[in-house]
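Can you keep this structure in mind? I'll have questions shortly.
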Amino acid sequence: MCGVVGIVGRRPVNQIIYDALTVLQHRGQDAAGICTIDDDGYLRAHRGNGLVKDVFRHRQMVDLAGQVGIGHIRYPTAGGSSADEAQPFYVNSPYGICLAHNGNLTNLAELSQALMRQELRHLRTGSDSEALLNVLAQELVTRARPTIDPEDAFAAVRSVHKRCRGSYAAIALITGHGVLGFRDPHGLRPLVLGSRKTSEGSEYMMASESVALDICGFEFERDVRPGEAVFIDMAGRLHCEVCTEHVVEHTPCIFEYVYFARPDSIIDGISVYRARMRMGEKLAEKIARERPDHDIDCVIPVPDTSRTAALEVAQTLGVKYREGLVKNRYVGRTFIMPGQEIRKKSVRQKLNTIGLQFRDKTVLLVDDSIVRGTTSRQIIEMVREAGAKRVYFASAAPPVRHPNVYGIDMPTPHELIAHGRSSEEICKALGADWLIYQELEDLVDAVKWKTSPVQKFDTSCFSGEYVTGDITEEYLHWLHESRSDDAKTRREAGPAPPRPSAAAPSSDGAGAQAGDAPALRGVGNG
């Protein structure tokens, strides 16, 4: 999962992109990057590992001159964490294109072979982002001429849709021509469009979430439609076209609403905050059905994402809502580090209990979801040590039993605590006195509600049904070989494995720099 932003403005855009990436920081904390085009037509770029505030200092911000630019924040899946793998990526033919990508291509092996053997494009990594950039570049090569018009951009995106499968919300900066944003035909990953008026004319912005528009003073126009391309030329003119030949059902990833998106965002016409409120209501109704005479003294959220749902659980049940777990916001991320022991240690560093909220009480802990179970198990242990009489645990999402193949780093099946286990077995493994999960039907109803423009979602990590229809057992086996804790440990211990063959596609979703090394002016590239 990553965050992307692109702007065609009338004034310098470096600060706006920086602010947008900061607002989207929850979507990725591994790396960040910005590319702009200065007034002389030169491409300027800076990227590196770390948080936005650490990657960009005063010198880099000054160097990122120009009124047109894109930015990216990275959350890795199977890939490494070197500075070379920070986005946006660059390829110099045709025109010079930078691309920021959120998602994961599921047919990378097929694409890679075609690009290298038939189209003679050099690929340096096994990254799907590099392949996506090169597919777009190759399609523009076939239409190359001194000036790109909107139809050229739309024709290239139509070809991308034909060739690429999986999830992608991407923004490309085409040097000297404009910014091109596009979304996969299923609309799995979010992308929104906003605008604002200035004395010099209209400015346009695309981003992963509407909150980025809000913070930067842009008015939300609409979501980029599934399969649509949005081209904003250097003069600030907006051109839009749905570029899919075959209409498929709009199925955004439901986990955006469960966990990833900020509560103040609106995605595909659905308020994330209100969706989480309804998740809490549905969960409370199930608790009331299963335990009408419950002995819960208070409801306590696992910070931060579950607060909205937990509050609704408490109010619906008529039970006290209390804050009992305090989060240390200044501990670095460790989720990409290999091994359960490191994750176990990080929970103790990141959370502490308020003892008086637990002592001699029966508490219901509410979390947005349970994935590996490592964090949940440690939290339950901490709560018992704080003196809780009984510890109940509720998940606002159904059991996560299957890998996510569309850009979220959900581990392979044997690392998912719910895979192959009943609720009773999971409860025992977590060490809880009682465990309750949201029903999948209730989750879908909570998100779509009555007037939602979206009526179906990708729920593959819960149901095992993959909406793109191309996920095979062979692919899932490769996913296990590349994304398991053991695989990550091997990568940390030795050189990177060779790039996957046709039978073993990469699922990085982020990857390394593509094509020829960029000739940048005035700023380093990492």
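The values are calculated or read from the model by the stated rules, or taken from the named source; none is laboratory data. Since this is a predicted model, take the numbers as computed values, not measurements. When we count neighbours, we look across all protein chains shown, and the Cβ atoms used for this are built from the backbone with ideal geometry, even at glycine. Each accessible area value is taken on the protein alone, full model and side chains, heavy atoms only, with ligands, DNA and RNA left out. Shrake-Rupley method; radii C 1.70, N 1.55, O 1.52, S 1.80 Å.
Which residues, taken from region 40-56, are more than 25 Å from the chain's Cα centre (by Cα) and outside any strand (DSSP E or B)? Explain how you work it out, then say what you get.
Of region 40-56, the ones more than 25 Å from the chain's Cα centre (by Cα) are 40-44.
40, 41, 42 - these are the residues of region 40-56 that are more than 25 Å from the chain's Cα centre (by Cα) and outside any strand (DSSP E or B).
Inside region 431-469, can you point out the residues that are in a loop (DSSP other than H, G, I, E, B) and loosely packed, with under 13 Cβ neighbours inside 10 Å?
Applying the first criterion (in a loop (DSSP other than H, G, I, E, B)) to region 431-469 yields 431-433, 438-439, 449-457, 459, 464-469.
Across region 431-469, the qualifying residues are 450, 451, 453, 455, 465, 469.
Kindly check whether there is at least one residue in region 267-278 that is part of a strand (DSSP E or B) and not aliphatic (A, V, I, L, M). Lay out the reasoning, then the answer.
Of all residues in region 267-278, those part of a strand (DSSP E or B) come to 267, 270-271.
Within this subset, residues satisfying the condition of being not aliphatic (A, V, I, L, M) are 271.
Yes, region 267-278 contains a residue that is part of a strand (DSSP E or B) and not aliphatic (A, V, I, L, M).
Taking region 411-430, which residues are crowded, with 18+ Cβ neighbours inside 10 Å and in contact with a Ser or Thr (Cβ under 9 Å, 6 or more places away or on another chain)?
411, 412, 415, 417, 430
Among what's in region 344-374 and is open to solvent by 20 Å² or more (accessible area, probe 1.4 Å) and of a type in the set (D, E, K, R), pick the residue that is modelled with the lowest pLDDT.
344
Could you name every one of the strands (runs of 3 or more DSSP E) located completely within region 173-245 that has at least 1 residues being among the β-branched types (Val, Ile, Thr) and more than 23 Å from residue 88 (Cα to Cα)? Even if it seems obvious, please write down each step before you answer.
On the way: elements: 178-183, 192-198, 201-207, 219-223, 228-233, 238-242.
So the answer is 192-198, 238-242.
Further question on the same structure: Can you tell me how many residues within region 389-423 are assigned to a helix (DSSP H, G or I) and farther than 13 Å from residue 372 by Cβ? Steps first, answer last, please.
Of the residues in region 389-423, the ones assigned to a helix (DSSP H, G or I) are 413-415, 423.
Checking the rest, the ones that are also farther than 13 Å from residue 372 by Cβ come to 423.
The qualifying residues number 1.
If you check residue 42 against the conditions, is it in contact (Cβ under 8 Å) with a residue 40 or more places away in the chain, touching a Gly at 6+ places or on another chain (Cβ under 7 Å) and of a type in the set (Phe, Trp, Tyr)?
Details: in contact (Cβ under 8 Å) with a residue 40 or more places away in the chain: yes; touching a Gly at 6+ places or on another chain (Cβ under 7 Å): no; of a type in the set (Phe, Trp, Tyr): yes.
For residue 42, the condition - in contact (Cβ under 8 Å) with a residue 40 or more places away in the chain, touching a Gly at 6+ places or on another chain (Cβ under 7 Å) and of a type in the set (Phe, Trp, Tyr) - is not met.
Going by the conditions given, is residue 320 at pLDDT 95 or above, touching an Asp or Glu at 6+ places or on another chain (Cβ under 6 Å) and farther than 19 Å from residue 29 by Cα?
Values: at pLDDT 95 or above: yes; touching an Asp or Glu at 6+ places or on another chain (Cβ under 6 Å): no; farther than 19 Å from residue 29 by Cα: yes.
Considered against the rule, which asks whether it is at pLDDT 95 or above, touching an Asp or Glu at 6+ places or on another chain (Cβ under 6 Å) and farther than 19 Å from residue 29 by Cα, residue 320 comes out as no.
So which residues in region 257-275 are more than 16 Å from residue 28 (Cα to Cα), open to solvent by less than 70 Å² (accessible area, probe 1.4 Å) and of a type in the set (A, V, I, L, M), if there are any at all?
258, 267, 270, 272, 275
State which residue pairs qualify: first residue of a type in the set (D, E, K, R) and inside region 430-457, second residue part of a strand (DSSP E or B) and open to solvent by 50 Å² or more (accessible area, probe 1.4 Å) in any location, beta carbons under 8 Å apart, and separation of 6 or more residues or different chains.
From residues that are of a type in the set (D, E, K, R), the pairs are 433/390.
Please find, within region 470-480, the residue that is least open to solvent (accessible area, probe 1.4 Å) out of those that are hydrophobic (A, V, I, L, M, F, W, C) and not in a loop (DSSP other than H, G, I, E, B). If you could, list the steps in order and put the result at the bottom.
Of region 470-480, the ones hydrophobic (A, V, I, L, M, F, W, C) are 471, 476, 478-479.
Going one step further and asking which of them are not in a loop (DSSP other than H, G, I, E, B), we end up with 476, 478-479.
On the way: 476: 38, 478: 33, 479: 2 Å².
Out of the qualifying residues, it is 479.
Anything in region 384-405 that is at pLDDT 95 or above and aliphatic (A, V, I, L, M)? List them, or say none.
Selection gives 386, 388, 391, 394, 396, 397, 400.
Follow-up. If I go through region 163-193 residue by residue, how many of them are free of Cβ contacts under 8 Å to residues at least 60 places away in the same chain and open to solvent by less than 10 Å² (accessible area, probe 1.4 Å)? Step through it out loud before you land on a result.
Taking region 163-193 and keeping what is free of Cβ contacts under 8 Å to residues at least 60 places away in the same chain, we get 163-164, 180, 183, 193.
Next, from what is left, pick out any that are open to solvent by less than 10 Å² (accessible area, probe 1.4 Å): 164, 180, 183, 193.
Of the residues in that region, 4 qualify.
Confirm whether residue 121 is surrounded by 22 or more Cβ atoms within 10 Å (Cβ to Cβ), assigned to a loop (DSSP other than H, G, I, E, B) and more than 24 Å from the chain's Cα centre (by Cα).
Numbers: surrounded by 22 or more Cβ atoms within 10 Å (Cβ to Cβ): yes; assigned to a loop (DSSP other than H, G, I, E, B): yes; more than 24 Å from the chain's Cα centre (by Cα): yes.
For residue 121, the condition - surrounded by 22 or more Cβ atoms within 10 Å (Cβ to Cβ), assigned to a loop (DSSP other than H, G, I, E, B) and more than 24 Å from the chain's Cα centre (by Cα) - is met.
Where the second residue is at pLDDT below 95 and open to solvent by 30 Å² or more (accessible area, probe 1.4 Å) and the first is over 23 Å from residue 107 (Cβ atoms) and lies in region 137-162, which pairs have Cβ atoms under 8 Å and are six or more apart or on separate chains?
Matching pairs, first to second residue: 144/95; 148/95; 152/143; 152/145.
Name the one entry in 312, 290 that is at pLDDT 95 or above and surrounded by 17 or more Cβ atoms within 10 Å (Cβ to Cβ).
Values: 290 fails: surrounded by 17 or more Cβ atoms within 10 Å (Cβ to Cβ).
Matching residue, one of 312, 290: 312.
Which residues, counting only those in region 370-408, are of a type in the set (S, T, N, Q) and farther than 16 Å from residue 305 by Cβ? Quick ask: steps written out before the conclusion?
Our first condition is that a residue be of a type in the set (S, T, N, Q); within region 370-408, this holds for 374-376, 378, 395, 404.
374, 378, 404, listed by residue number.
Restricting the search to region 389-447, which residues are under 30 Å from residue 100 (Cβ atoms) and polar (S, T, N, Q)?
Answer for region 389-447, where residues must be under 30 Å from residue 100 (Cβ atoms) and polar (S, T, N, Q): 404, 412.
Hey, another quick one. Within region 266-314, track down each residue that is farther than 30 Å from residue 222 by Cβ and among the charged types (D, E, K, R).
Of everything in region 266-314, those that are farther than 30 Å from residue 222 by Cβ and among the charged types (D, E, K, R) turn out to be 285, 286, 289, 290, 291, 293, 295, 297.
Run down 155, 131, 212 and say which single residue is at pLDDT 95 or above and under 22 Å from residue 75 (Cβ atoms).
Step by step, each of 155, 131, 212 is checked, and only 212 is at pLDDT 95 or above and under 22 Å from residue 75 (Cβ atoms).
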